Amino acid sequence: MLQWKAVIPAYLHPGPGSSAIQKRNQENLSGKNLTGSIPPQVADLPCLAEIGFANNMLTGPIPDLSGSSNLSIILPKLSELYLENNRLSGPIPKALLSRSIIFNYSGNVYLGTAGKQKKKHVIIIISALLGASLLLAAALCCYMLTRKAMNSSSSPQAQEKALPAEQNKLQKYPSTQQLQSIATETAHPYSLCELEEATNKFASRIGSGGFGIVYYGKLSDGKEIAVKVPSNDSYQGKKQFSNEVVLLSRIHHRNLVAFLGYCHEDGRNILVYEFMHNGTLKEQLHRRDKHISWIKRLEIAEDAAKGIEYLHTGCTPSIIHRDIKTSNILLDKHMRAKVSDFGLSKLLAAEGKDSHASTNVRGTMGYLDPQYYVSQQLTEKSDMYSFGIILLELISGCPPISTIAFGDNFRNIGPWAKFYYESGDIEAIIDPSISTAAEYQDVQSVWKIAEAAVRCIDAEPRKRPCMPEVVKEIQDALALERAAAETTTSDRALACPFSPAAASVRSGGTMRSHDMVMDNLLLLDDDDDSTFSGSTVTKLKYPELR
């Protein structure tokens with residue numbers, strides 16, 4: 001095989017000033033077994049009209065011959081251009097594709113492949129991008145439609161419309177799979193047989209309420225438990241069951257009664273809690289055979305306040321208990337208090353936006369916030385009102401509602417205690433069992449708790465303190481009492497200092513109209529621990545004062 005320079009005429013490598021050579025108009029080098037690439041100097045021959053490079057082994061691209069003025073359409077003398085049967089590659093110059101030129105380039109398998117390959121790559125890339133975009137759009141549409149369908153089908157309104165009443169009730173039951181999915185070390189799935197054995201077939205009843213009945217039990221490992229069984233015909237109980245299992249399985253605090261597990265078997269929904277050996281604060285305060293010292297009452301108040309504080313500020317979203325009362329504050333074997341019964345709990349954002357939720361009124365008479373009752377707007381301030389009533393119970397030892405304890409002009413503990421507090425007569429509301437024994441070391445601690453309680457039951461919810469403030473007030477009262485107990489060396493006579501609040505009292509001790517409404521919200525005996533649930537104000541009657 002020959003190289004170009006061995007056979008190609010010198011005029012294809014012209015030097016400067018070779019005008020004669022540049023006048024060549026024909027060149028046929030076909031079949032010369034040439035190798036290498038076509039020299040670009042071919043384009044420098046302006047008079048070249050015919051070129052023949054066929055049947056060689058030329059490689060590389062075809063030079064751009066657009067500089068040859070006699071080629072292409074401009075100079076019609078060029079009739080044929082033969083480049084067939086070589087090994088040329090690369091793009092074909094556009095000037096050579098004119099119809100006025102016979103251009104034969106067959107047999108060059110690689111000629112034009114770069115352009116074609118580039119176009120092919122571009123087409124593949126564009127197709128892939130379009131396909132991916134379509135798939136992504138389809139997937140996004142499917143996701144949005146599925147999510148919309150799930151949200152629609154899971155909403156209470158959709159369930160109520162789609163199902164008959166009885167089926168709708170059953171729909172409120174969490175499925176076994178749903179319950180198992182939230183089972184943790186503190187939410188153990190107990191079998192019905194296991195609980196029947198622990199409770200001696202539910203023989204030892206220790207409490208009851210609107211939710212159902214509570215039984216004492218003892219597991220095979222010796223652990224004592226409280227087993228809460230909802231009423232069989234209580235539709236509200238079924239809703240509470242689902243609510244409590246989901247809620248309590250993720251809420252843990254030393255001042256909340258520990259939720260141990262549940263049983264969902266044979267259509268029965270059962271909740272299992274830790275057993276609290278000393279029962280309820282209500283029993284300890286109001287039973288004649290029980291007595292709690294003042295400093296222990298302060299410790300109980302602090303424990304309960306911290307439990308509620310966790311619900312309000314330690315959970316996301318915040319949780320409103322909605323039924324805070326002395327029977328929902330339980331005491332362990334060391335008389336440490338824990339808040340119980342989340343059957344009426346409410347996620348703050350569950351039924352409304354911002355800081356309140358619109359809901360049917362629920363709660364216990366005597367502890368029910370009058371403003372919540374009137375407006376049906378549930379807020380954390382409603383819990384604060386209920387806790388204020390509990391603080392007054394701790395001071396006075398009186399139930400929240402009584403036809404005897406508060407005289408002829410009062411029926412509720414709130415207006416009664418507030419009247420004497422503002423009169424500066426704190427002694428009138430102190431439990432005789434602690435005042436006669438002079439159990440408190442510093443009466444200022446009583447004043448602090450009374451002040452916090454009165455603020456909690458303020459007629460305007462916005463003026464009520466939040467729970468962290470009340471926790472601080474209780475801790476200050478405890479500090480006063482403990483410091484006085486450490487320094488006192490003799491019995492201290494009961495002294496009742498002047499209260500700044502007394503300046504606001506009107507002569508004659510006349511009740512304000514708001515206090516009269518609060519006092520007569522409901523005249524009920526609290527012994528049965530009744531709970532209230534309603535949606536309209538007209539369900540309550542206001543008895544006249546005697």
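The values are calculated or read from the model by the stated rules, or taken from the named source; none is laboratory data. Not measured: the values here are computed from a predicted model. Neighbour counts are summed over all protein chains in view; Cβ atoms, including those assigned to glycine, are modelled from backbone coordinates with ideal geometry.
Observations
- Answer residue from the range 313-323, given it is touching a helix residue (DSSP H, G or I) at 6+ places or on another chain (Cβ under 7 Å) and surrounded by fewer than 19 Cβ atoms within 10 Å (Cβ to Cβ) and is farthest from LEU480 (Cα to Cα) among those: SER318
- Scanning the range 401-424 for residues being part of a loop (DSSP other than H, G, I, E, B), polar (S, T, N, Q) and closer than 14 Å to VAL454 by Cα gives a total of 1.
- Answer residue from the range 306-324, given it is among the charged types (D, E, K, R) and modelled with pLDDT of 95 or more and is farthest from LEU378 (Cα to Cα) among those: LYS306
- Among the residues of this structure, LYS296 does not count as one that is within 25 Å of ALA485 (Cβ to Cβ), part of a loop (DSSP other than H, G, I, E, B) and charged (D, E, K, R).
- Residue satisfying condition, being within 30 Å of THR199 (Cβ to Cβ), out of contact with any Pro (no Cβ under 8 Å at 6 or more places or on another chain) and either buried (at least 22 other Cβ atoms within 10 Å of the Cβ) or modelled with pLDDT under 95 (or both), within set ASP332, ASP266: ASP266
Quick grid of which residues meet (1) under 23 Å from THR280 (Cβ atoms); (2) surrounded by 14 or more Cβ atoms within 10 Å (Cβ to Cβ); (3) in contact with a helix residue (DSSP H, G or I) (Cβ under 9 Å, 6 or more places away or on another chain):
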| position | (1), (2), (3) |
| --- | --- |
| TYR190 | no, yes, yes |
| THR199 | yes, yes, no |
| LYS218 | yes, yes, yes |
| VAL227 | yes, yes, yes |
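- Annotation: of all residues in the range 14-41 being out of contact with any strand residue (DSSP E or B) (no Cβ under 7 Å at 6 or more places or on another chain) and under 18 Å from SER89 (Cβ atoms), the one that is modelled with the highest pLDDT is PRO39.
- Restricting GLU439, GLU427 to those that are among the charged types (D, E, K, R), part of a loop (DSSP other than H, G, I, E, B) and more than 43 Å from the chain's Cα centre (by Cα) reduces the list to GLU439.
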